[in-house]
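Visitor: What follows is a single structure, and I will ask about it in a moment.
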Amino acid sequence: MNPAQQPAAPAPERLQELCSLARELAVAAGGRIMRDRPDRLAITTKSSSSDVVTQMDSATETFLRQRLAQERPRDAVFGEEGGLQDGVGEITWVLDPIDGTVNYLYGIPEYAVSVAAVVGDPNSPGNWRPVAGAVAHPEAGLVYSAALGQGAWLYRCSFEEGAGPVAEPQRLRPSGADSLDLTLLGTGFGYRADVRRRQAEVMLQVLPVVRDIRRGGSAALDLCSVAAGRIDAYYERGINPWDYAAGWLLVTEAGGVVSGVGAQDPGPNGLIAATPDVHPALRELLERVTA
Ligand code: IPD
């Protein structure tokens, strides 16, 4: 987004409050997801037979919406499962109750809760931006959080009911990767067969020119990994604001770069997150091979 057109961000102390609330809600929801997982998960499907919603996705989003109605009754809420609920304040909360739903379904620990406070309209690419957010990774006992202009931080955390951070936070920094050929690239694939075919064709051209690729199964955690320097870059086409709202801010506050493909901001053509030195070459490559 052109800086002159950016919706105004709240004052720094308000950002800190939004960030604390995002962290608290993500941890509370993450604890419930981990503790309350039933032996047999009830599922329904969305865009394809592999695009599942578990009973825990729906229950967790309801929990988050109830908590936000208590804590921030004026704000709008935009969630993966329940869509947009209008508000009268300047903030919209963008929620992914379980990012990495397929991992959760299979008992793979790479799933997360993503909670972000954004300004602007998250349904309108290029016209919104995250200002505070948190990504909880309950099975790892971690929560990542960031507020605009205040850095990106990692907290070790107990996910027991009523517990909170158990150690001083650690500041996040991206890796020092500076060339495409030494870039470990995270990516992901959508749920529709036609979308996956095209994504695989793009990866055919990307895989030979990077160090390797990783498919973790949670875009929110992939973005945390870029912020923390565990991978050097991440790219995916077709992810949604709830997948990346908090992670976008975590990467930029850590010192990484986030853009769209053929656009300044992430949107339907994809999201690219990378170290500052890798980002220009990765963006040029992706814009060429997806043109
Ligand atoms: C999915 C995950 C996955 C990504 C998909 C997303 P969900 O979100 O983030 O890593 O590749 O595009 O839809 O469905 O688990 O919330």
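Visitor: Kindly indicate whether I239 is within 12 Å of the ligand (Cβ to nearest atom), part of a loop (DSSP other than H, G, I, E, B) and among the β-branched types (V, I, T). Before the answer, list the steps.
Guide: On the way: within 12 Å of the ligand (Cβ to nearest atom): yes; part of a loop (DSSP other than H, G, I, E, B): yes; among the β-branched types (V, I, T): yes.
Against the criterion (within 12 Å of the ligand (Cβ to nearest atom), part of a loop (DSSP other than H, G, I, E, B) and among the β-branched types (V, I, T)), I239 qualifies.
Visitor: For G141, state whether it is under 27 Å from V52 (Cβ atoms), within 16 Å of the ligand (Cβ to nearest atom), modelled with pLDDT of 95 or more and in contact with a strand residue (DSSP E or B) (Cβ under 9 Å, 6 or more places away or on another chain).
Guide: For G141, the condition - under 27 Å from V52 (Cβ atoms), within 16 Å of the ligand (Cβ to nearest atom), modelled with pLDDT of 95 or more and in contact with a strand residue (DSSP E or B) (Cβ under 9 Å, 6 or more places away or on another chain) - is not met.
Visitor: Go through the residues of region 250-265 one by one and say whether even a single one is modelled with pLDDT of 95 or more, within 16 Å of the ligand (Cβ to nearest atom) and over 14 Å from the mean Cα position of the chain (by Cα).
Guide: yes
Visitor: From V94, V27, V113, V77, which residue is closer than 21 Å to R129 by Cα, away from the ligand (no atom under 16 Å from the Cβ) and not polar (S, T, N, Q)? Step through it out loud before you land on a result.
Guide: Details: V94 fails: away from the ligand (no atom under 16 Å from the Cβ); V27 fails: closer than 21 Å to R129 by Cα; V113 fails: away from the ligand (no atom under 16 Å from the Cβ).
From the options V94, V27, V113, V77, the qualifying one is V77.
Visitor: Could you check, for region 180-198, whether at least one of its residues is on the phi > 0 side of the Ramachandran plot, within 13 Å of the ligand (Cβ to nearest atom) and surrounded by fewer than 23 Cβ atoms within 10 Å (Cβ to Cβ)?
Guide: Checking region 180-198: not a single residue is on the phi > 0 side of the Ramachandran plot, within 13 Å of the ligand (Cβ to nearest atom) and surrounded by fewer than 23 Cβ atoms within 10 Å (Cβ to Cβ).
Visitor: Can you find even one residue in region 85-104 that is over 23 Å from G151 (Cβ atoms), in contact (Cβ under 8 Å) with a residue 60 or more places away in the chain, of a type in the set (G, A, S) and buried (at least 17 other Cβ atoms within 10 Å of the Cβ)?
Guide: Looking through region 85-104, at least one residue is over 23 Å from G151 (Cβ atoms), in contact (Cβ under 8 Å) with a residue 60 or more places away in the chain, of a type in the set (G, A, S) and buried (at least 17 other Cβ atoms within 10 Å of the Cβ).
Visitor: Shifting gears a bit: Identify all residues within region 36-55 that are away from the ligand (no atom under 14 Å from the Cβ) and small (G, A, S); write none if there are none.
Guide: A42
Visitor: Looking at this structure, is A9 surrounded by fewer than 17 Cβ atoms within 10 Å (Cβ to Cβ), small (G, A, S) and modelled with pLDDT under 90?
Guide: Criteria not met by A9.
Visitor: Next up: Residue under question is G83, and the condition is that it be within 16 Å of the ligand (Cβ to nearest atom), at pLDDT 90 or above and at positive phi; does it hold?
Guide: yes
The values are calculated or read from the model by the stated rules, or taken from the named source; none is laboratory data. Given the structure is predicted, the values throughout are model-derived calculations rather than measurements. Glycine also receives a Cβ, built like all others from the backbone with ideal geometry; neighbour counts cover every protein chain displayed.
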